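Engineer: Sharing a structure with you now.
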Amino acid sequence: MLGYGFMGDAHANALRTLPQFFPDAPEVSLDVLVGRDAAAAGEAADRMGFSRVETDWRDALDVDVFYNLGPNSVHVEPTVAALDAGVHVLCEKPLAPTLDGAERMAAAAAASDAVAAVGFNYRFVPAVRYARELVEAGELGELRHARFRYLQDWLVDPDAPWTWRLDADAAGSGALGDLGAHSFDLARYLVGDVDAVSGHAETFVDERVPEGGGDPRPVTVDDAFAAHAEFECGAVGTFEATRYATGRRNQHAFELDGSAGAVRFDLQRLNELEVLRGDGRGFETVLVTDDDHPYGEQWWPSGHALGWEQTFVHENYEFLSAVADGAAFEPDFGDGLAVQRLLDAVAESSDRREWVAV
Ligand code: SOE
């Protein structure tokens with residue numbers, strides 16, 4: 001596992017939880033944690049249960065599976081090297097800071113027998129999978145509208161520090177690639193591919209002081225974006241993501257409107273899916289925690305809600321099962337590249353102030 005920050009915690013926690021709630025999951029040993037700072041990585045390794053620490057990822061490819069959980073700027077090289085060595089990979093989203101990097105990673109995945117997964121964890125929310133079941137079963141009819149928004153507010157504070165997420169070289173983009181990537185992946189999962197986009201990206205605050213003080217550093221990515229999308233299936237799409245949605249901590253939400261029904265989802269109420277069927281007389285709120293709901297029988301009795309962390313348990317169960325069974329896994333690097341093309345198209349559209357074909 002390369003990286004031991006927020007995503008390191010999410011995945012290490014999921015791997016430790018798997019055996020108890022998914023007894024048929026492949027057995028996992030946490031062998032090596034990679035971090036540039038040996039002391040800090042050592043403390044994290046002790047906390048997470050890794051048996052070894054390396055400060056150079058090149059010394060950590062003697063494993064079955066490589067998790068690339070570092071900043072976007074370190075996604076390409078280690079992942080390509082792992083795949084070239086036949087090591088299975090899960091790389092966090094977005095695939096890379098640039099389309100070129102994502103294309104290199106997708107090419108390495110195509111040339112390798114290894115499983116190559118992208119960490120779009122929101123595909124593994126039970127309510128999201130239930131929404132897909134309804135769409136696939138035709139319960140919503142023809143999809144006409146797909147509305148996605150991913151609203152956070154951690155930059156509303158003018159004193160919020162500069163981080164790598166605000167740097168184009170390290171991150172590639174801002175809210176677009178960090179949050180919009182999730183929405184574009186869910187849109188592909190629930191609705192289908194996108195033919196063209198028209199985007200608008202904005203930066204509100206153009207410099208911030210790093211953690212611990214010092215000179216202000218430039219913000220070279222978007223703080224927010226909005227986009228229109230034309231889906232292949234004919235649906236009309238709208239997307240927005242921001243780090244300035246005052247009061248919304250982590251609201252990844254979508255609405256799908258079809259000719260025969262509609263659904264509404266909000267990550268801040270992730271156990272619920274609002275469903276409107278047929279008669280159009282109003283949405284019902286389905287608590288997606290019954291045994292016959294996705295992953296329902298793995299956890300607690302109906303009505304005992306799950307949390308954000310369980311999405312990583314589901315994701316890792318499916319990923320490691322695919323690795324053990326030599327089966328395909330979605331979202332793979334082809335999905336990751338498709339999202340990267342959308343990110344690139346929105347950024348180009350915003351620069352040119354024109355619609356861009358994806
Ligand atoms: C950004 O704050 C962030 O951590 C994203 O990077 C994650 O992908 C998202 O799941 C939560 O918010």
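So that you can scan it fast, the table gives a plain yes or no per residue for (1) out of contact with any Lys or Arg (no Cβ under 7 Å at 6 or more places or on another chain); (2) more than 16 Å from the ligand (Cβ to nearest atom); (3) at negative phi:
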| residue | (1), (2), (3) |
| --- | --- |
| L267 | yes, no, yes |
| E272 | yes, yes, yes |
| Q298 | yes, yes, yes |
| E309 | yes, no, yes |
| A327 | yes, yes, yes |
| E330 | yes, yes, yes |
| A338 | no, yes, yes |
| A347 | yes, yes, yes |
| R352 | yes, yes, yes |
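Engineer: Within the range 218-228, does at least one residue satisfy the condition of being within 16 Å of the ligand (Cβ to nearest atom), in contact (Cβ under 8 Å) with a residue 60 or more places away in the chain, closer than 30 Å to G296 by Cβ and of a type outside the set (K, R)?
Structural biologist: no
Engineer: Of the residues in the range 38-50, how many are among the acidic types (D, E) and either outside the structural domain of H11 (by TED's automatic domain parsing) or open to solvent by less than 80 Å² (accessible area, probe 1.4 Å) (or both)?
Structural biologist: 0
Engineer: Going through the range 246-264 one residue at a time, which ones are within 16 Å of the ligand (Cβ to nearest atom), open to solvent by less than 10 Å² (accessible area, probe 1.4 Å) and either more than 19 Å from the chain's Cα centre (by Cα) or of a type in the set (F, W, Y) (or both)?
Structural biologist: Here is the first cut: in the range 246-264, the residues within 16 Å of the ligand (Cβ to nearest atom) are 246-254.
From the residues that got through so far, the ones that are open to solvent by less than 10 Å² (accessible area, probe 1.4 Å) too are 252-254.
Residue satisfying the conditions is F254 alone.
Engineer: Anything in the range 41-58 that is in contact (Cβ under 8 Å) with a residue 24 or more places away in the chain and assigned to a helix (DSSP H, G or I)? List them, or say none.
Structural biologist: Result: A41, A44, A45, M48, W57.
Engineer: Taking the range 1-33 as the search range and keeping residues that are open to solvent by less than 10 Å² (accessible area, probe 1.4 Å) and not small (G, A, S), which one is nearest to the ligand (Cβ to nearest atom)?
Structural biologist: It comes out as H11.
Engineer: Which residue out of T238, T285, T242 is in contact (Cβ under 8 Å) with a residue 40 or more places away in the chain, open to solvent by 30 Å² or more (accessible area, probe 1.4 Å) and either within 22 Å of the chain's Cα centre (by Cα) or under 27 Å from A305 (Cβ atoms) (or both)? Lay out the reasoning, then the answer.
Structural biologist: Numbers: T285 fails: in contact (Cβ under 8 Å) with a residue 40 or more places away in the chain; T242 fails: open to solvent by 30 Å² or more (accessible area, probe 1.4 Å).
Just a single option satisfies the conditions, and that option is T238.
Engineer: Report yes if V209 is more than 16 Å from the ligand (Cβ to nearest atom) and open to solvent by less than 30 Å² (accessible area, probe 1.4 Å), otherwise no.
Structural biologist: Details: more than 16 Å from the ligand (Cβ to nearest atom): yes; open to solvent by less than 30 Å² (accessible area, probe 1.4 Å): no.
It is false that V209 is more than 16 Å from the ligand (Cβ to nearest atom) and open to solvent by less than 30 Å² (accessible area, probe 1.4 Å).
Engineer: Failed condition for V53, given (1) surrounded by fewer than 18 Cβ atoms within 10 Å (Cβ to Cβ); (2) closer than 11 Å to Y4 by Cβ; (3) not small (G, A, S), with all others met?
Structural biologist: Tallying (1) surrounded by fewer than 18 Cβ atoms within 10 Å (Cβ to Cβ); (2) closer than 11 Å to Y4 by Cβ; (3) not small (G, A, S), V53 fails exactly one: (1).
A quick yes/no check of all residues on (1) more than 16 Å from V221 (Cα to Cα); (2) within 14 Å of the ligand (Cβ to nearest atom):
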residue	(1), (2)
E136	yes, no
R144	yes, no
Y150	yes, yes
W154	no, yes
P161	no, yes
W164	no, yes
A171	no, yes
D178	no, yes
S183	yes, yes
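Engineer: Being of a type outside the set (D, E), surrounded by fewer than 17 Cβ atoms within 10 Å (Cβ to Cβ), in the same structural domain as D195 (by TED's automatic domain parsing) and within 16 Å of the ligand (Cβ to nearest atom), is that true of even one residue in the range 120-128?
Structural biologist: The answer is no; no qualifying residue exists.
Engineer: Run E232 past the list (1) within 14 Å of L343 (Cα to Cα); (2) open to solvent by 70 Å² or more (accessible area, probe 1.4 Å); (3) away from the ligand (no atom under 16 Å from the Cβ); (4) out of contact with any Ser or Thr (no Cβ under 8 Å at 6 or more places or on another chain) and report the number of the one that doesn't hold.
Structural biologist: Checking E232 against (1) within 14 Å of L343 (Cα to Cα); (2) open to solvent by 70 Å² or more (accessible area, probe 1.4 Å); (3) away from the ligand (no atom under 16 Å from the Cβ); (4) out of contact with any Ser or Thr (no Cβ under 8 Å at 6 or more places or on another chain), the one that fails is (1).
Engineer: Still on this structure: Go through the range 73-125 and count every residue that is free of Cβ contacts under 8 Å to residues at least 40 places away in the same chain, among the charged types (D, E, K, R) and in a loop (DSSP other than H, G, I, E, B).
Structural biologist: Number satisfying all stated conditions: 1.
The values are calculated or read from the model by the stated rules, or taken from the named source; none is laboratory data. Owing to the predicted nature of the structure, the values given are computational and were not obtained by experimental measurement. Virtual Cβ from ideal backbone geometry, glycine too; neighbours counted across all protein chains shown. Keep in mind that these areas ignore ligands, DNA and RNA; they rest on the heavy atoms of the full protein, side chains included. Shrake-Rupley method; radii C 1.70, N 1.55, O 1.52, S 1.80 Å.
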